[in-house]
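The next block holds one structure in the form of structure tokens; read it before the comments.
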């Protein structure tokens, strides 16, 4: 379970004007919300926040807030972050307060492990779902869901129910959807030719 502390202060001035003032000072406006509490406006240091989420857990790291007595010691996860598309500066952050005794839903990356038989034969491993929604208690959030692909051959398909999950972790699903496929070169070439034909037909219309 990855954890980090984050120093925060109360955001006194709200609205766009207050947010712009904070950004000019090199700070980030933020808010924490959760069950049984009113949204609480915060100010965070962007470097400290960036350092916290650079761990293997990424956004799923459990962050303990340090600051105002109303939120000091509260455990949160980062739920949303607005970033300037050009400068990559953090513009705003949303935190969700969590109860360590309640399950939560988070997105976790899917990592194929190993080199498949099919790839060695010239096939192409395709990850259809790079992230999966999981539900679990906060203290058992996995950094990733791993799947050993070494025995996969061309034409094999991996479905969500084929994944082996850590104890206490579930993937909610109604359909046994595909997460990984292993296509051969001929399939890729045919798909490319079909796409070219469709493009030609559209251009002729």
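Just so it is clear, none of the values below were taken in a lab; they were calculated from the coordinates. Being a predicted model, the structure only gives us computed values, none of them experimental. All Cβ positions, even for glycine, are placed from backbone atoms using ideal geometry, and neighbour counts span all protein chains on display.
Among 30, 101, 19, whose mean-square fluctuation peaks in a Gaussian network model of the chain (Cα, cutoff 10 Å)?
Among 30, 101, 19, the largest GNM mean-square fluctuation belongs to 101.
Going by alpha carbons, how many degrees (0 to 90, nearest 10) lie between the helix axis of 15-24 and the longest principal axis of the chain?
80
Hey, what's the Kirkwood Rh for segment 104-153 if you take every pair of different alpha carbons, in angstrom? Present the calculation step by step, with values, prior to reporting the outcome.
Working: mean 1/r = 0.0824 Å⁻¹.
Roughly 12.1 Å, rounded to one decimal.
Using the Kirkwood radius over Cα pairs, work out the Stokes-Einstein diffusion coefficient for the chain at 37 °C and 0.692 mPa s, in µm²/s as a whole number.
Once the numbers are plugged in, D ends up at 163 µm²/s.
Using only the alpha carbons of segment 3-97, what is the convex hull's orientation-averaged projected area in square nanometres? Working shown, then result.
Details: hull surface 23.7 nm².
Here the figure is 5.9 nm², rounded to one decimal.
If you take the beta carbon distance between residue 129 and residue 64 as r and set R0 to 35 Å, what does 1/(1 + (r/R0)^6) give as a FRET efficiency, to the nearest 0.05? Numbers along the way, then the final one.
Numbers: r = 31 Å, r/R0 = 0.89.
That gives a FRET efficiency of 0.65.
Please report the antiparallel percentage of the DSSP beta bridges confined to the chain, to the nearest 5.
Working: 32 of 45 bridges.
Beta bridges within the chain, antiparallel portion: roughly 70 percent.
If you line up the long axis of helix 185-204 against the longest principal axis of the chain, both from Cα atoms, how many degrees apart are they, to the nearest 10?
Helix 185-204 sits at roughly 80 degrees to that axis.
How much FRET efficiency would the formula 1/(1 + (r/R0)^6) give for residue 105 and residue 151, where r is the Cβ-Cβ distance and R0 is 30 Å, rounded to 0.05?
On the way: r = 31 Å, r/R0 = 1.03.
Efficiency at R0 = 30 Å is approximately 0.45.
Using only the Cα atoms, what convex hull volume per residue in Å³ does segment 61-177 have?
Working: hull volume 17.8 nm³, N = 117.
Expressed per residue, the convex hull around the Cα atoms of segment 61-177 is 152 Å³.
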